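The structure appears right after this line, and notes come after that.
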Amino acid sequence: MGKLPATKIEDRARKAAGSANSVRLSGNLVTKGVTYTLDMRLKADGGTGQVSTKDSSFELLRVGEELYLKADAGFWSHGGEGAGDSGGGADTAAGKLDNKYVKVPSGDPSYQRLSGFTDMSLLLDGLLGLHGEITTGDHGQVGGVRTIRISAGKAGEGGSLDVSLEGRPYPLRLRRAGGAGVIRLADWNKDFTLTAPEKGHVLDYGQQLPTTP
């Protein structure tokens, strides 16, 4: 496959990714000036893993349409991109949420943003696009697997993709355009179980989160 034109390699990599049932996605993603560190296991009907920023860290679990968020008290009291309030009861309320699964209501403003981190199709579609004329680069290795790199734009400024030369041509590492992060893609088609937390471990606040992360 390494002798194919770069556009053919990109097309095959996108098709391989699109036909996969699951993947593990990890690394850094820069969006609207915020750097997110991700370690997510994803499949068609949900995902689970951890998301961190400079100021906060939280776990996400989505099973079907049900989305759950788990974070420590610090996230709820003063972190989480503005979560919490400055009132005297904030720390007390945050203590009740400490390391508990909180169900994110589908109507809450944060639902779409947070669920996006658990959406395999949405993430892959958004991440795998290269911007500019694509050329074939060097052979290399990612995680011990032989790869071929394709790059877009001048000196790879439009992003690059390391594609497996072993087995199916899965994308294994993505460098996003404009220095917007580096993502590793592994465990393609390695199935895993998604299970909703037990009801006794879930806090459900109805139509809106107690504080919007």
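The values are calculated or read from the model by the stated rules, or taken from the named source; none is laboratory data. Note that the structure is predicted; figures quoted are calculated from it, not measured. Ideal geometry is used to build each Cβ from the backbone, glycine not excepted, and the neighbour counts take in all protein chains shown. The accessibility values were calculated without ligands, DNA or RNA, using every heavy atom of the protein model including side chains. Shrake-Rupley method; radii C 1.70, N 1.55, O 1.52, S 1.80 Å.
Some observations on this one:
- Ellipticity estimate at 222 nm from DSSP helix runs (n ≥ 4, -39,500 (n - 2.57)) divided over the chain, nearest 500: -5500 deg cm²/dmol
- Per DSSP, loop trypsin sites (Lys or Arg not before Pro) in the stretch 99-176 with at most 14 further Cβ within 10 Å: none
- Anisotropy class of the stretch 114-188 from Cα gyration tensor, a/c 1.5 cut: oblate
- C-alpha center-to-center spacing [the stretch 117-139, the stretch 7-25] in angstrom: 9 Å
- Candidates ASP162, ASP119, ASP45, ranked by Gaussian network fluctuation over the chain, Cα under 10 Å, top entry: ASP45
- Largest mean-square fluctuation among VAL142, VAL34, VAL51, in a Gaussian network model of the chain whose springs join Cα atoms under 10 Å apart, belongs to VAL34.
- Per-residue surface analysis assigns PHE192 an accessible area of about 20 Å², computed on protein heavy atoms at 1.4 Å probe radius.
- The GluC sites (Glu not before Pro) of the stretch 1-78 that meet both conditions, a loop assignment by DSSP and at most 11 other Cβ atoms within 10 Å of the site Cβ, are GLU65.
- Residues listed by number, the stretch 176-193, amide nitrogen under 15 Å from ASN21 label point at 7 Å toward C-beta: 187-193
- Qualifying trypsin sites (Lys or Arg not before Pro) in the stretch 19-70, where qualification requires a DSSP coil assignment and no more than 12 other C-beta atoms within 10 Å, comprise LYS32, LYS54.
- When only the Cβ of Lys, Arg, Asp and Glu is charged (+1, +1, -1, -1), the dipole of the chain relative to its Cα centre reaches about 840 debye.
- Per-residue ³J(HN,Hα) for the stretch 34-46, Karplus 6.51 cos²θ - 1.76 cosθ + 1.60, θ = phi - 60°, Hz, x for Gly and Pro: 9, 9, 9, 9, 10, 8, 10, 9, 10, 8, 4, 9, x
- Residue with peak Gaussian network fluctuation, the chain [Cα springs, cutoff 10 Å], from PRO171, PRO197, PRO105: PRO197
- The slack between LYS32 and ASP45, meaning 0.36 nm per residue of separation minus the straight C-alpha distance, is 2.0 nm.
- Rounded, prolate or oblate (a/c below 1.5 giving rounded, otherwise prolate when a/b exceeds b/c) for the chain by Cα gyration tensor: prolate
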